[in-house]
1. Going by average Cβ neighbours within 10 Å, how do the peptides 114-120, 100-106 rank, with the highest at the top?
2. Just to be sure I understand the model, the point goes 7 Å from the Cα along the line to the Cβ. What's the resulting Lys215 to Lys124 distance in nm?
3. Tell me the relative contact order for the chain as a rounded percent, counting alpha carbon contacts under 8 Å between residues six or more apart.
4. Only Lys, Arg, Asp and Glu count, each charged at its Cβ (+1, +1, -1, -1), so figure out the dipole size of the chain about its Cα centre, rounded to 20 debye.
5. Please give the calculated 222 nm ellipticity per residue for the chain, where each DSSP H segment of at least 4 residues contributes -39500 (n - 2.57) and the sum is spread over every residue; nearest 500 deg cm²/dmol?
6. Pop a pseudo-label 7 angstrom from the Cα along the beta-carbon direction at both Arg162 and Asp23 and give the gap in nm to one decimal.
7. Using a 10 angstrom cutoff on alpha carbons, build the Gaussian network for the chain and name the most mobile of Ser38, Ser176, Ser49.
8. Taking every pair of alpha-carbon atoms in region 13-227, what share in percent sits in each 5 Å bin, from 0 to the bin with the longest distance?
Amino acid sequence: MPLREDVFENNGYYHIFDKTIDDIMVFSSPKIAYEFISTFLYYRSNRASLRYSKYKKLVPTLKRNLERLISYGKYFKVNILAYCIMPNHYHLLLQQTHHGGIQTFMANTLNSITRFYNLLHNRKGPIFLTQFKSKKIHTEEQLVYVSRYIHTNPFASSIVKRKGDIFVYPYSSIHSYLRNSNNQYIITKNKILTYFGNDKETYMDFIIKNADRQKEIEHLKYTKNWLK
């Protein structure tokens, strides 16, 4: 695999994305889509010392102990601000919190889901393009824009037909923005919500009001630059 030219900085924010080889609809299977989400939520922690496949097989007591450990934000190598899993690609909005965090997080996650998919389909080899793509976020406005882009992606790509269905799309972090509960599956949403006065209703309104516009620009220059 060729060396990356990207330099990921601690406390920097990045839009991470990639497509499957030959547009394989890897994530059209709910089983694989949910596995991918569970995998990257696991590997964001520096305390995720076991392979995810072995972690799933732990006896309940040991598994609960490790779950508590990996849920502590102080151990996260990356913070996940937003994600959306589409049938043939994914989007992640990440903040690196430890040196080498994004590289390690992505390597562990992609290797794990590739093994999982290949075992299910009795195949070998990669399922994603050679290297995941990344764009650094430079301003707070861009950070908010990218979160909107990620959360409206199912509507902009016509996976869901109605704007309101953005909020029920199952493979998106938008659900975390709508909940008040706090557990290991809640992503790091404070940075985005602070921009909206910590009001989730205002953020939802921002998503809905801009969904049509996002769909209009799906095939324009911005989207082409980020997904080609």
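1. Working: 114-120: 15.1, 100-106: 19.6.
The densest-packed peptide leads the list: 100-106, 114-120.
2. Result for the modelled spin labels: 4.5 nm.
3. On the way: 304 pairs, mean separation 60.2, N = 228.
For the chain, the relative contact order is 26 percent.
4. Numbers: 34 positive and 17 negative charges, 161 e Å.
Computed about the Cα centre, the dipole is about 780 debye.
5. On the way: 9 runs with 101 residues, N = 228.
Mean residue ellipticity at 222 nm (helix-derived): -13500 deg cm²/dmol.
6. 2.8 nm
7. Ser49
8. 1, 7, 15, 19, 21, 18, 12, 6, 2, 0, 0
Since every read-out is calculated from the coordinates, none of them should be taken as a lab result. No experiment lies behind these values; they were computed from the predicted model shown. Virtual Cβ from ideal backbone geometry, glycine too; neighbours counted across all protein chains shown.
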